[in-house]
Amino acid sequence: MAVTASAPFAHPQRDACLDWLQMITGACLVLFMWCHMVLVSSVLVSPALMDAIAWFFEATYLVQAGGPVIFACFIVHFILAARKIPFTSRDQAMAWTHARMLRHRDTWLWMVQVVTAMIILVMGATHMWVVLNDLPITAERSAARVASGGWLWFYFILLPMAELHVGVGAYRIGVKWGFVTRQNRPAAKRIEVCMFGVFMIIGVVTLLAFNHMASAVSAVQGV
């Protein structure tokens with residue numbers, strides 16, 4: 001049966017519910033990313049502080065219970081978002097052509113979300129799988145992982161992808177559901193850029209701190 005132009009609008013109530021679920025899972029992942037950043041960046045204050053925060057999450061079973069929940073939320077969010085992602089070469093070429101013709105910032109932001117989503121799907125799932133299979137979380141274990149193999153460069157790629165996706169996603173949620181209006185859109189864009197810059201700086205400094213910490217531990221053990 002041929003697909004008609006009205007097919008995407010054949011079930012408006014269902015599509016609205018799926019959009020709401022996509023927004024809720026996306027908002028949950030944004031909050032998780034911010035909490036995750038607080039946890040890992042606490043090593044900049046003290047490795048003992050990071051270990052204490054991680055211990056609290058372990059003792060309250062938030063890691064054991066929350067990890068699989070976040071992973072499931074991650075998968076559900078991608079499946080829901082995939083309804084609108086152009087997977088075929090024809091659809092991708094059409095989306096690229098339209099983006100170039102429109103020259104609209106928010107259209108390009110959607111393209112950024114699509115590209116970063118595909119990268120995060122693979123790299124983010126890999127990161128979560130490795131962490132959940134190497135519990136408990138400690139500053140020393142995190143530092144050892146970052147400094148081993150090519151993990152430092154892995155995180156240097158994953159970090160901007162995740163922060164771009166989260167920042168653009170939060171902005172687009174605000175636009176879609178009316179929190180960001182024509183009047184406050186310039187301010188919302190500035191906040192988006194500032195948050196991206198702040199989280200990138202914190203993330204890069206944290207990764208370098210982990211790498212330095214692992215080098216220091218290796219030097220002590222080698223003495």
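Laboratory data are not the source of any read-out in this text; all were calculated from the coordinates shown. Remember, it's a predicted structure, so these values are computed and weren't measured experimentally. Note: ideal-geometry Cβ built from the backbone for every residue, glycine included; neighbour counts use all protein chains shown.
Quick notes
- Sites matching chymotrypsin sites (Phe, Trp or Tyr not before Pro) across segment 140-216 that sit in DSSP coil, with at most 16 neighbouring C-beta atoms within 10 Å: Trp177, Phe179
- Using θ = phi - 60° in the Karplus curve 6.51 cos²θ - 1.76 cosθ + 1.60, the 3J(HN,Hα) couplings for segment 151-163 round to 5, 4, 5, 4, 6, 5, 7, 5, 4, x, 4, 5, 5 Hz; x is entered for Gly and Pro.
- Listed values for segment 68-84 are Karplus-derived 3J(HN,Hα) couplings in whole Hz (6.51 cos²θ - 1.76 cosθ + 1.60, θ = phi - 60°), namely x, 5, 5, 4, 5, 4, 4, 5, 4, 4, 5, 4, 5, 5, 5, 4, 10, and x replaces Gly and Pro.
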